[in-house]
Amino acid sequence: MAKKLYVGGLPYSTTDDQLKEAFAQAGSVSSAVIIMDKMSGRSKGFGFVEFSADEDATKAIDMWNGKDFGGRTLTVNEARPLEERPRRDNRGGGGDWGGGGGGGGRRNSW
């Protein structure tokens, strides 16, 4: 059964291939991906590595968690499933803060 690991604290210059190569020291890596910011196209400093064998994933956690990688300390643990989050409404107004959007601008006094 495949096991996916969260890898945080990565240097922003790390590539998918570098991540895969580093974690391959623990075993057979199925995939390795750095998460990129959609707007800037730059790394967010974390990624995910998937192993085909649970034992290899456990070995990778032991090998890399809390260790230095490119001058930064890694956080490596089993990835949790994405939690269901409420939809964000960017149209202004409402929400827990009350009030509404809009208004502003200059008003005619005549």
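If the requirement is being at pLDDT below 95, under 14 Å from the mean Cα position of the chain (by Cα) and among the basic types (Lys, Arg), which of these qualifies: 87, 80, 42?
The conditions single out 80.
Output the residue which, of all residues in the stretch 37-67 that are of a type outside the set (D, E, K, R) and closer than 12 Å to residue 10 by Cα, is surrounded by the fewest Cβ atoms within 10 Å (Cβ to Cβ).
Taking the candidates together, the pick is 66.
Would you confirm, using the coordinates I've provided, whether residue 13 is among the hydroxyl-bearing types (Ser, Thr, Tyr) and outside any loop (DSSP other than H, G, I, E, B)?
no
From the list 38, 4, 44, which one is over 17 Å from residue 64 (Cβ atoms), assigned to a strand (DSSP E or B) and not small (Gly, Ala, Ser)?
Step by step, each of 38, 4, 44 is checked, and only 44 is over 17 Å from residue 64 (Cβ atoms), assigned to a strand (DSSP E or B) and not small (Gly, Ala, Ser).
Does residue 22 meet the test of being in a helix (DSSP H, G or I), surrounded by 13 or more Cβ atoms within 10 Å (Cβ to Cβ) and in contact with a helix residue (DSSP H, G or I) (Cβ under 6 Å, 6 or more places away or on another chain)? Steps first, please.
Working: in a helix (DSSP H, G or I): yes; surrounded by 13 or more Cβ atoms within 10 Å (Cβ to Cβ): yes; in contact with a helix residue (DSSP H, G or I) (Cβ under 6 Å, 6 or more places away or on another chain): no.
Considered against the rule, which asks whether it is in a helix (DSSP H, G or I), surrounded by 13 or more Cβ atoms within 10 Å (Cβ to Cβ) and in contact with a helix residue (DSSP H, G or I) (Cβ under 6 Å, 6 or more places away or on another chain), residue 22 comes out as no.
What's the number of the only condition in (1) over 16 Å from residue 68 (Cα atoms); (2) touching a Lys or Arg at 6+ places or on another chain (Cβ under 8 Å) that residue 16 fails to meet?
The one condition residue 16 does not meet is (2).
With respect to residue 27, determine if the residue is loosely packed, with under 13 Cβ neighbours inside 10 Å, without any contact (Cβ under 8 Å) to a residue 40 or more places away in the chain, small (Gly, Ala, Ser) and in a loop (DSSP other than H, G, I, E, B).
Judged against the criteria, residue 27 is not a match.
Checking residue 49 against (1) in contact (Cβ under 8 Å) with a residue 60 or more places away in the chain; (2) in contact with a Phe, Trp or Tyr (Cβ under 7 Å, 6 or more places away or on another chain): exactly one of these is not met. Which one?
Just one mismatch for residue 49, condition (1).
The values are calculated or read from the model by the stated rules, or taken from the named source; none is laboratory data. What you see is a predicted model, and the numbers here were worked out from it, not measured in a lab. Reconstructed Cβ throughout: ideal geometry from the backbone, glycine too, with neighbour counts over all protein chains shown.
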